[in-house]
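Read-outs: derived from the displayed coordinates by stated rules, not from any lab. Just so it is clear, the model here is predicted, and its values are computed rather than measured. Neighbour counts run over all protein chains shown; Cβ positions are idealised from the backbone, glycine included.
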Amino acid sequence: MTYHSNSQDQKVDESEKGGQTQGPRYATVLLELDEEHESSDDDIAPGRSAVTRRQLHHFNLVDDETVVLLYHFQGDLDQIETVLDAAPDVLNYGLVDQGEGGGFAYIHCELDDPVRSIVSTLHLFEVVLDMPLEFTTDGSVKATLIGEEPALGEALEAISGIVNIHLEKTGTYRPGARDLGATLTDRQYQILTVAVREGYYEVPRGSTLEDVAAEIDLSRATVGEHLQKIEAKVLSRIVQ
């Protein structure tokens, strides 16, 4: 298994040295779950263009063998029902249609590896997950782990022995920072995600408004207007 870190993000972490480092730390990572060992709750999206998992909002252990999950998804409810009905390790489920091709899926299923081993590792080092978890287009899971040093670093090393893990960012944990995303609409969240991924907010810029617009099949003017509204929402929350 591999444990990679992004050098640019590592500089962000290094810049905190010499400053206040007390309190919990966070590490945002990409987990490459091995599809051959994933439980059926992870079969909702891979290889099925009709359904896309967006976020995992809740992850509650019922006992040592089962877990309850609450997914936010985009796609066809009938497709999800077909997948879940055929999954041998799904014990129970319920779907909530929010309209516009999206909704939530409540799933009670058996807890299998590698998820079981990752959860055990987090408990061992007293590290918690900052929900929700996000799913990338390549099937990885983007997760933010929170814990005290050196336990957080030891947990990351241990998890790297279970799945491939890529460190994106680390630093001092500040509660509420991720809540800014909750103020955005689904469309705004999608556009901002693409803009960040394409390097629009890098210095110097790694892409233009035209590049972002082409990725999501919108006009330059529409993307520019959305980004202005996004920036107004986020910045106004920061200075409040």
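Just a few scattered comments:
- Per-peptide average of other Cβ atoms within 10 Å, ordering 57-67, 108-118 highest first: 108-118, 57-67
- Protection proxy ranking, highest mean first, for peptides 93-104, 192-203: 192-203, 93-104, where packing is the per-residue count of other beta-carbon atoms within 10 Å, averaged.
- Ranked by the mean number of other Cβ atoms within 10 Å per residue, highest first, peptides 156-163, 210-217 order as 156-163, 210-217.
- Using θ = phi - 60° in the Karplus curve 6.51 cos²θ - 1.76 cosθ + 1.60, the 3J(HN,Hα) couplings for region 204-214 round to x, 4, x, 7, 10, 4, 4, 5, 5, 4, 5 Hz; x is entered for Gly and Pro.
- For ASP76, ASP138, the sequence from fewest to most other C-beta atoms within 10 Å is ASP138, ASP76.
- Listed from fewest to most Cβ neighbours within 10 Å, the set TYR71, TYR173, TYR106 follows the order TYR106, TYR173, TYR71.
- Simple label model, 7 Å out from Cα along Cβ direction - VAL128 to ASP113, nm: 2.9 nm
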